[in-house]
Structures are given as structure tokens and as C-alpha cells.
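Encoded as C-alpha cells, the structure appears first; notes follow it.
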Amino acid sequence: MLARKYRATKILIGETIQKGKTIQGDFVYAKYLKNQVNKPFFAIVVAKKVEKTSVGRHHIKRLVSQCIEDILLKPAVQPTKTIVFFAKKTEKKPVYSILKKDIAKIADQIY
């Protein structure tokens with residue numbers, strides 16, 4: 001799970017969604033915006049259209065959260081942006097290895 005100190009607030013999420021830039025991936029897309037705190041903040045959104053059950057939505061959030069910890073929270077990379085990840089509706093269930101590549105591709109485009 002993503003540590004609480006890296007979770008975005010409602011205000012940051014709303015601001016990022018309105019003013020942020022979008023980057024598309026295969027399973028997720030992200031909106032990002034530079035913040036003034038010089039600290040990274042993340043949010044993960046999985047709509048009911050993507051996964052009907054709360055168990056499935058929570059599973060997708062955990063996968064994305066683990067990918068964020070593995071890729072974006074390394075000391076050398078540490079962004080100073082607010083990033084909101086949105087899950088896309090696909091016929092296949094996302095697998096960790098493919099999702100990790102997708103988020104790494106998005107991270108490369110952001111930085």
C-alpha cells in the first residue's frame with residue numbers, strides 16, 4: 001500500500017484533473033501537475049465502469065500502488081508532481097508485470 005505521506009488530498013486531485021496534462025498507457029492513463037511542496041503525491045482512481053465489484057477495484061488499486069512504490073518512489077527518481085492514475089476498461093485483467101511496464105512508460109514520459 002502507498003504510504004499516507006504520498007497520498008494526494010482532494011484539493012490536489014481536483015486541481016490536477018482540471019489543469020493537468022494527460023499521458024495515455026495501455027491499462028492506465030495519468031494526469032500530472034507540478035506542485036509547490038516539492039514532494040510527490042499520488043492518487044489512484046478505478047471507476048465502477050472498469051470493475052463492478054469493490055474487491056476487483058481494490059485489487060487494481062493495490063497493483064497500481066505496488067508499481068508506484070517500485071518505480072516512482074526510488075530516491076533517484078522522486079518526482080515533485082501530483083500524479084493521478086486512472087484505470088482503463090479492458091477485456092483482460094491487468095497483470096502486475098504488464099502494468100509495471102505501462103506505468104514505467106508513463107513515468108518516462110513525465111520525467
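Results for (1) of a type in the set (A, V, I, L, M, F, W, C); (2) modelled with pLDDT of 90 or more; (3) not in a loop (DSSP other than H, G, I, E, B), shown as yes or no for each residue.
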position: Met1; (1), (2), (3): yes, no, no
position: Gln18; (1), (2), (3): no, yes, yes
position: Val37; (1), (2), (3): yes, no, no
position: Ile44; (1), (2), (3): yes, yes, yes
position: Lys48; (1), (2), (3): no, yes, no
position: Lys52; (1), (2), (3): no, yes, no
position: Arg57; (1), (2), (3): no, yes, yes
position: Leu63; (1), (2), (3): yes, yes, yes
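Quickly run through region 17-34 and pick out the residues that are in contact (Cβ under 8 Å) with a residue 12 or more places away in the chain and more than 21 Å from Ala104 (Cα to Cα).
If the condition is that a residue be in contact (Cβ under 8 Å) with a residue 12 or more places away in the chain and more than 21 Å from Ala104 (Cα to Cα), then Lys19 is the only one that fits.
Being without any contact (Cβ under 8 Å) to a residue 60 or more places away in the chain and either touching a Leu at 6+ places or on another chain (Cβ under 7 Å) or of a type outside the set (Val, Ile, Thr) (or both) is the filter here; which residues of region 65-78 pass it?
Gln66, Cys67, Asp70, Leu72, Lys74, Pro75, Ala76, Gln78
So in region 65-98, with the set limited to residues that are part of a loop (DSSP other than H, G, I, E, B) and polar (S, T, N, Q), which one is modelled with the lowest pLDDT? First the steps, then the outcome.
Here is the first cut: in region 65-98, the residues part of a loop (DSSP other than H, G, I, E, B) are 72-80, 88-95.
With the extra rule that they be polar (S, T, N, Q), the set shrinks to 78, 80, 90.
On the way: Gln78: 66, Thr80: 83, Thr90: 88.
Looking at residues that are part of a loop (DSSP other than H, G, I, E, B) and polar (S, T, N, Q), I get Gln78.
So if I check each of Lys93, Lys88, Lys81, Lys101, which one is touching a residue at least 60 places away in the same chain (Cβ under 8 Å) and either within 17 Å of Arg7 (Cα to Cα) or among the charged types (D, E, K, R) (or both)?
Among Lys93, Lys88, Lys81, Lys101, only Lys88 is touching a residue at least 60 places away in the same chain (Cβ under 8 Å) and either within 17 Å of Arg7 (Cα to Cα) or among the charged types (D, E, K, R) (or both).
Under 16 Å from Ile103 (Cα atoms), surrounded by fewer than 19 Cβ atoms within 10 Å (Cβ to Cβ), in contact with a helix residue (DSSP H, G or I) (Cβ under 8 Å, 6 or more places away or on another chain) and not charged (D, E, K, R): which single residue out of Ile23, Ile44 fits that description?
Ile23
Mind checking which residues of region 100-111 are closer than 21 Å to Ile13 by Cβ, modelled with pLDDT of 90 or more and touching a helix residue (DSSP H, G or I) at 6+ places or on another chain (Cβ under 6 Å)?
Within region 100-111, just Ile103 meets the criteria.
The values are calculated or read from the model by the stated rules, or taken from the named source; none is laboratory data. Here the structure is a predicted model, which is why all the values come from computation and not from measurement. Heads up, the Cβs are rebuilt from the backbone with ideal geometry, glycines too, and the neighbour counts pull from every protein chain shown.
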